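What follows is one structure encoded as structure tokens, with my remarks underneath.
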Amino acid sequence: MATDILMPALSPTMTEGKLARWLKAEGDTVSAGDVIAEIETDKATMEVEAVDEGILGRILIQEGVEGIPVNTPIAILVEDGEAVPDASSEQAAAAPKAETASAETTPAARAAKAPAEDKGERIFVSPLARRMAHERGIALDALTGSGPNGRILKRDVEKGPAAPKTAPKAAATPVITASEETVRRVPNSTMRKVIARRLTESKTQVPHFYVSIDIELDALLALRSKLNAAAQENSFKISVNDMMIKAVALALKKVPGVNVQFTDAETLHFENVDISMAVSIPDGLITPIIRNADRKSLRDISVEAKDLAKRARAGKLKPEEFQGGTFSVSNMGMFGVRDFAAIINPPQAGILAIASGEKRAVVRGSEIAVATVMTATLSVDHRAVDGALGAEWLNALRDIVQNPYFLVV
Amino acid sequence: MSDTFDLIVVGGGPGGYVAALRASQLGMSVALVESTHFGGVCLNWGCIPTKALLRSSEIHHLLHELGTFGLSADNISFDLSKIVGRSRSIARRMGGGIAHLLKKAKVTTFDGRAKLTGRSGEAHQVAITKDGAAVTTIKAPHVILATGARGRQLPGLETDGTLIWGAREAMTPQELPKRLLVIGSGAIGIEFASFYRNMGSEVTIAEVADRILIAEDPEISAAARKAFEKQGMTIITGAKVGPLNKSENEVSTTIESPKGKIDLTVDRVICAVGIVGNVEDLGLEGTKIQVDRTHIVTDGFCRTGEAGIYAIGDVAGAPWLAHKASHEAILCVEKIAGRSPQPLHPLNIPGCTYSRPQIASVGLSEEKAIAAGHKVKVGRFPFIANGKAVAMGETDGLVKTVFDAASGELLGAHMIGAEVTEMIQGYVIARTGELTEAELIETVFPHPTISETMHEATLAAFDGPLHI
Ligand SMILES: Cc1cc2nc3c(=O)[nH]c(=O)nc-3n(C[C@H](O)[C@H](O)[C@H](O)COP(=O)(O)OP(=O)(O)OC[C@H]3O[C@@H](n4cnc5c(N)ncnc54)[C@H](O)[C@@H]3O)c2cc1C
């Protein structure tokens, strides 16, 4: 019997995703456990495995379709020799005899056919607008809804498609009004949309404030050289980033008031120090987590960070590897920047922006000396952390970095 | 107490008090200035007290119909002062409820008259006076004017409080006028005509237009006229009321109409000939706020020509209905709060008249739909074919639907009969959600209900009704 393959929920919070790639084609035989497709969620690409064996009879949702709600049929699995149905069992049940009814005579019959145009993506549209669009031959996804929650209404159909059909997802208000030929329109990936939504949310809802400090790195760099020289056969190679993650974790232990999360009713103080490290990946960034970083050795942190970064770039992180975390570190040291301020990654209350270490003139007593100095900027949620506490934490961090034996004992 | 707020609302009627409550919900600090009574006209001198009176009169009518239901009672009588007393106490109770809600929402209320007195920086200033004496001055970046409206006075037909009544006198009679002339047949005039007729007065309605209830579909107007005439009312359309000659306890006049001249002597006259906005002494002069025929000109989000000043409800123009005022309040405040409310679609505002029979409608009448260029499909279903209506003894009624033939859009719905004011919301939901005939036909209506006539009137426009 034909069965529907449904859009899986790959994490507890997943409500929709993008069908990134089909790894099997119509007609291919599949056995239970075969990877048949890749799904892109807001954070990662994950694999869909077949649960049953059979033949991939029909692909209902093509590659590249975004925003597919969980549990939407994406393909039909049939048994060997079985006829392949046109539609999923769900769709077949929803629109019974529409096709056979003396076609096109009643408006109701015409309306019943319209959902087939949707290509699996949920479009909010009033029944009247759906029917009018159908009658005028306008594809619903070419329209911009002006009703509540972007619902497409009669007036939107009357206004007609907003953008050429080749770029149906163009923004409602064009950012620039240059002529169409000079604009290359790149549809936003699921990840771009999530970054846009979450960071806008953070910047508009979380009252950020920023505190910067200059930290001398020479002692830390010297320690790093010694540690790496001691490593046998390149069994590990500790980076400045690894050391900074550990330093940040220790500073959070020392000044735990920054290892918090604000909610309307209460402020959560975390026992564990789980550091999210921002990793840039081709289409955006992701923040895999080093859990209990305060209790791990530099070597463990180093090995774990490398593995996480590698798998992050390949889009192969598991949800629990990037969801959670109590504090973030964003390191742009490798880009030669003097300083920058990062946006808090909600619901966390703080993020440390680490800029490049560079030789600068410093004053010691009344002498000018040369030291390797790095500017670090803390962004904090003022609802949970006040200025003095932020400053205290930065001083603790500087103390640890400038006396790096803290990192190894 | 600070004198600076996020929002000042002027007027505490269903426009103003709802605006204040919603703004408080959205986290704004709100001041509400009300000169007389919370709840405005609606709760104190409009919607609610008239519904209380009409309820008494309906029961009075039913008492005279007891035989139809196999019941009997002797010595049926009424005490007008108690009927009026009940209406007044309900109005008081509702007004008190509003004061409580405002307090709970932490709205700062001011007792006095408000007037705009210019800007101070970004803020608008509002001066408050009580009985001519200054109370205080407050300011806010946003001010909503919700000062409402009052009955229009026509030259020669001015109300005098004794023989010639406005709505207030008409809802607080000391004795029942034996003979009554109602000038104007909008919802307010018709409701008073219905109340007094049910209580036993001889009622004449004079309407200058060629039909009563001019806002309704002509077919419904005609059905209403027939029903009222059957109850014994005299209805004169195309009427020109001559000078009102007052003697000590009666008024005589001559009414000219296409059917000839009628000399009439009555005990009381009720004047219900339209509405004028309360725009006086608000400090509008010298601002960019425009006033057109006593109403403040606003856009789809209730914004006036002056940035930061808004007008909602009766003072911002027709339809003069409490639910329109409250709906504008919500969308205006949400817009101020940076949300994305939808502008109010005038054709999605239902209108109700609580006479016997009741009248309710939404959207375009058949003739207006045709005039707007629609090819229409019209459905009708009479109450006489509805089981529940027959069981209730309420067989006088009609539901009429107007659909666009091409798209199936419900262009309008028009109803007359028992309970239609409670039923019209079904069609309002259909219009707001842009449902077509397909969804209405698909909907399962409970049986037996008078609402089934709404289903049948939809079927009647398309495949044909089942029960007729
Ligand atoms: C007899 C009658 C029956 C009605 N029946 C219905 C009905 O059944 N259904 C329906 O929807 N509508 C009905 N209406 C209409 C309804 O009452 C109005 O549409 C509604 O009250 C308008 O609300 P609003 O807030 O705009 O104004 P209002 O209710 O008029 O409130 C305005 C308030 O502002 C105050 N005010 C005015 N100027 C100032 C100032 N300068 N400073 C401070 N305060 C000020 C006034 O005291 C008043 O309280 C009826 C009206 C009447 C007269």
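The values are calculated or read from the model by the stated rules, or taken from the named source; none is laboratory data. As the structure is a prediction and not an experimental result, all values here were calculated from the model. Every residue, glycine as well, gets a Cβ built from its backbone with ideal geometry; the counts of neighbours run over all protein chains shown. With ligands, DNA and RNA removed, areas are computed over all heavy atoms of the protein, side chains included. Shrake-Rupley method; radii C 1.70, N 1.55, O 1.52, S 1.80 Å.
Between the Cα long axis of helix A:387-402 and the first principal axis of chain A there is an angle of about 70°, rounded to the nearest 10.
In units of the compact-protein estimate 2.2 N^0.38 Å, the stretch A:118-162 shows a Cα radius of gyration of 0.97.
Can you list the residues of the stretch B:263-293 with backbone N under 14 Å from a point 7 Å past the Cα of B:Glu256, pointing along Cα to Cβ? Within reach of a label on B:Glu256, which here means backbone N under 14 Å from a point 7 Å along Cα→Cβ, the stretch B:263-293 contributes B:263.
Computing the accessible area with a 1.4 Å probe over protein heavy atoms, can you report the carbon and sulfur percentage for the protein assembly as shown?
53
Scanning chain B for trypsin sites (Lys or Arg not before Pro) lying in DSSP loops with no more than 16 further Cβ atoms inside 10 Å, the longest uninterrupted stretch between such sites is B:1-105. Counting only DSSP beta bridges with both residues in the stretch A:325-409, the antiparallel share comes to about 75 percent. What is the list of residues in the stretch B:8-40 whose amide nitrogen lies under 16 Å from a point 7 angstrom out from the Cα of B:Lys106, following Cα to Cβ? Residues passing the 16 Å test: B:20-32. Other residues within the sphere of radius under 12 Å centred on the Cβ of B:Asn198, judged by their own Cβ, net out at 0 (K and R +1, D and E -1). Expressed in Å, the radius of gyration and Dmax of the Cα atoms of the stretch A:207-407 are 16.6, 54. Name the lysines eligible as straight-distance cross-link partners of B:Lys115: C-alpha to C-alpha under 30 Å, and not fewer than 8 places from it in the same chain. Hits, sequence-local ones excluded: B:Lys103, B:Lys104, B:Lys106, B:Lys130, B:Lys139, B:Lys288, B:Lys324, B:Lys335. For the residue pairs A:Lys226/A:Lys359; B:Lys261/B:Lys400; B:Lys375/B:Lys400, the C-alpha atoms sit more than 25 angstrom apart in B:Lys261/B:Lys400. The listed residues B:Ser81, B:Ser361 rank as B:Ser81, B:Ser361 when sorted by accessible area, largest first, using a 1.4 Å probe. Note on A:Ile368/A:Ser225: beta-carbon distance plugged into 1/(1 + (r/R0)^6) with R0 of 45 Å gives a FRET efficiency of 0.95. Given q = 0.07, 0.10, 0.13 Å⁻¹, what are the Debye log10 I(q)/I(0) values for chain A, with equal point scatterers placed on the Cα positions and solvent ignored? Values, matching the q order: -0.48, -0.85, -1.13. Each residue was assigned an accessible area with a 1.4 Å probe, and for A:Ser126 the value is about 0 Å². Between B:Ser72 and B:Glu306, the modelled labels are 6.9 nm apart [label points 7 Å from Cα along Cα→Cβ].
Estimated translational diffusion coefficient (Stokes-Einstein, Kirkwood radius over Cα pairs, 37 °C, 0.692 mPa s) of the protein assembly as shown: 98 µm² per second. When restricted to Cα atoms, chain B yields an Rg and a Dmax of 23.6, 73 Å, respectively.
Counting 0.36 nm for each residue step from A:Ala83 to A:Asp218 and taking away their Cα separation leaves a gain of 41.4 nm. Residues in the stretch B:357-461 average 37 Å² of solvent-accessible surface per residue, probe 1.4 Å, ligands and nucleic acids excluded. The lysines whose alpha-carbon is closer than 18 Å to the alpha-carbon of B:Lys82, local same-chain residues fewer than 8 away aside, are B:Lys51. Placing a label point 7 Å from the Cα of B:His345 along the Cα-to-Cβ direction, the residues of the stretch A:122-157 whose backbone N falls under 12 Å of that point are A:126-130, A:146-148, A:152-157.
So, in Å, what gap is there between the alpha-carbon centers of the stretch B:55-104 and the stretch B:370-395? Distance between centres, Cα-based: 30 Å.
The stretch between B:Thr234 and B:Arg119, if pulled fully straight at 0.36 nm per residue, gains 35.9 nm over its current Cα-Cα span. Given a Förster distance of 56 angstrom, what is the FRET efficiency for B:Met392 paired with A:Val35, based on the Cβ-Cβ distance and rounded to 0.05? With a Förster radius of 56 Å, E is 0.25.
Compute, for the stretch A:207-407, the length of the dipole vector about the Cα centre, with Cβ point charges of +1 (Lys, Arg) and -1 (Asp, Glu) only. Units Debye, rounded to 20. Don't skip to the end; give the middle numbers.
On the way: 22 positive and 23 negative charges, 138 e Å.
Charge dipole of the stretch A:207-407: 660 debye, to the nearest 20.
Charged neighbours of A:Thr204, selected by a Cβ distance under 15 Å, balance to +3 (K, R count +1; D, E count -1). What separates the Cα centres of the stretch A:247-272 and the stretch B:165-197 is a distance of 71 Å.
Counting other Cβ atoms within 10 Å, which GluC sites (Glu not before Pro) in the stretch B:280-355 have at most 14 and lie in a DSSP loop?
Loop-located and lightly packed - B:Glu280, B:Glu285.
Setting aside same-chain residues fewer than 8 positions from A:Lys253, which aspartates and glutamates have a Cα under 13 Å from its Cα? Excluding near neighbours in sequence, the set is A:Glu271, A:Asp274, A:Asp294, A:Glu392.
Other protein chain C-beta atoms within 10 Å of residue C-beta, averaged over B:423-436: 3. Excluding ligands, DNA and RNA and using a 1.4 Å probe, chains A and B jointly bury around 1100 Å² of accessible surface, summed across both partners. The residue among B:Ala325, A:Gly284, B:Asn348 whose Cα reaches farthest toward the positive pole of the charge dipole of the protein assembly as shown, with charges on the beta-carbon of Lys, Arg, Asp and Glu, is B:Ala325.
Ordered by solvent-accessible area of protein heavy atoms (1.4 Å probe), largest first, the residues B:Tyr354, A:Tyr405 come out as A:Tyr405, B:Tyr354. Among residues other than B:Leu21 with Cβ under 13 Å from its Cβ, the summed charge is +3 (Lys and Arg +1, Asp and Glu -1). With the convex hull constructed from alpha-carbon coordinates only, the stretch A:346-409 shows a mean projected area of 6.1 nm² over all directions. In a fully extended conformation the segment linking B:Lys288 and B:Arg55 would gain 79.4 nm over its present Cα-Cα distance, using 0.36 nm per residue. Normalised Debye scattering of the stretch B:357-461 at q = 0.10, 0.12, 0.19, 0.20 Å⁻¹ gives log10 I(q)/I(0) of -0.24, -0.35, -0.86, -0.95, counting only Cα atoms as equal scatterers and leaving out solvent.
Which whole-angstrom value gives the distance between the alpha carbon centres of the stretch B:199-224 and the stretch B:246-306? Centre-to-centre distance over Cα atoms comes out at 19 Å. Note on exposure: A:Trp22, A:Trp393, B:Trp45 ranked by accessible area (1.4 Å probe, complete protein assembly) read B:Trp45, A:Trp22, A:Trp393, with the most exposed listed first.
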